[in-house]
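First up is the structure itself, then whatever we jot down about it.
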Amino acid sequence: MKSIFPVFRSNPFSLSTTPLKPLKASVKPPPPDFDYRREISEESRAAIAESHPELLDLADNGSLILVQKKRFGPVPSWRTEFVEPEFIWLIGTSHVSKDSAMEVERVVRALRPDNVVVELCRSRAGIMYVSEDEEPRKQLRSNMFSLSGTGFFGAVGRSINLGGQTALALRLLLAAFSSKISSDINRPFGDEFRAARKASEEVGAQIVLGDRPIEITLQRAWKAMRWSEKLSLVLSIFRGIAFSSNISVNKLKEASWDDDKFQLYEQLSFSYPSLLSPLIHERDTYLAWSLKRSKAVNNSKRVVGVIGKGHMKGVIYALLCDTGNLRFRDLVGKDSHSGWISGIVKSLVRDTIIGIFLWALYEFINGGR
């Protein structure tokens, strides 16, 4: 896969990976030969043609997949009171595509689902509420890594509590880089999530935040890399922020539905294979569990999932091949902290430097260049 982000190329230091602290339960990625289109598309298309023929064009272009309850794995014995949704509709999106936003609106309005599960967590929910009436520069600064919530210190406090200072610093770096990409192509990130919120409010559907907290994901991503990879990644992001990009609107238009070119997590995993598990596979399973086994979707008839197209394969695999043993707490994978004395000695200088860096980077993101 050729990267559209020129700063992320095949990494010469990624020949080996640092073992991650394992999750409490095994997360199995899709086998290389798993093709969800071959596995379920024909069945999905037939069901869509019968129930909602007006959405057949989305089924035909691969954007819309219907997974019926009969294809799920068994509900675990410890949760017999839980009733899984009858139908899960997955709409695969590109985070910078106007077409994706319009497709999401069409699907939600046509289906009038009980719940709409979005590929966001609490810390990133603010991207759904960026108004089209706001100044363009603010729209372009809002992205999948932006801090949102109760002001700077509230957002920072939550991020540090869940993922630590290093994960927060990485998040702010990626937020600045994503803002730069938005400015280069003059397109904001996350239009499909704003469309999902708007359409859900119109039809009375509940919005469900279905992704694992970004703080935990980035913490695990950072721990998965060797120091040479960490240095390479940080330098690449800084280059991407500081120098002009050759990404253009023409390249955006050239990207087809099957391209992962604007999926930043996928690009990072391509350049740093050690990130594949924390950024993709673990989150695929978490999203699948949010779609069919979270309290919000209990006893629902129709659930719509709005997820990046790069997650379609993994999420569908997790829905179909579920053994029923995983719990949400098994998928968090947050490491326990070391003793307080050694922790203070080890992190004093680091925390001071990171604190100064975080404030400066936050001011940069919110003040514009």
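Summary of computed values
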{"quantity": "Additional length obtainable on full extension of the chain from A242 to D57, 0.36 nm per residue less Cα span", "calculated": "62.5 nm"}
{"quantity": "Stretch gain in nm, segment R226-D99, where the contour uses 0.36 nm per residue and the Cα spacing is subtracted", "calculated": "41.9 nm"}
{"quantity": "Relative packing of 231-237, 109-115, 311-317, which averages over residues the other C-beta atoms within 10 Å, highest first", "calculated": "311-317, 109-115, 231-237"}
{"quantity": "Full-extension gain in nm, R38 to V203, via 0.36 nm per residue minus C-alpha separation", "calculated": "56.1 nm"}
{"quantity": "Members of K180/K230; K223/K301; K28/K309; K180/K223 lying beyond 31 Å, as alpha-carbon distances in this model show", "calculated": "K223/K301"}
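Read the figures in this text as sums done on the coordinates, not as results from a lab. These numbers come from a predicted model, not from an experiment. Positions of Cβ are backbone-derived with ideal geometry, glycine not excepted, and every protein chain shown enters the neighbour counts.
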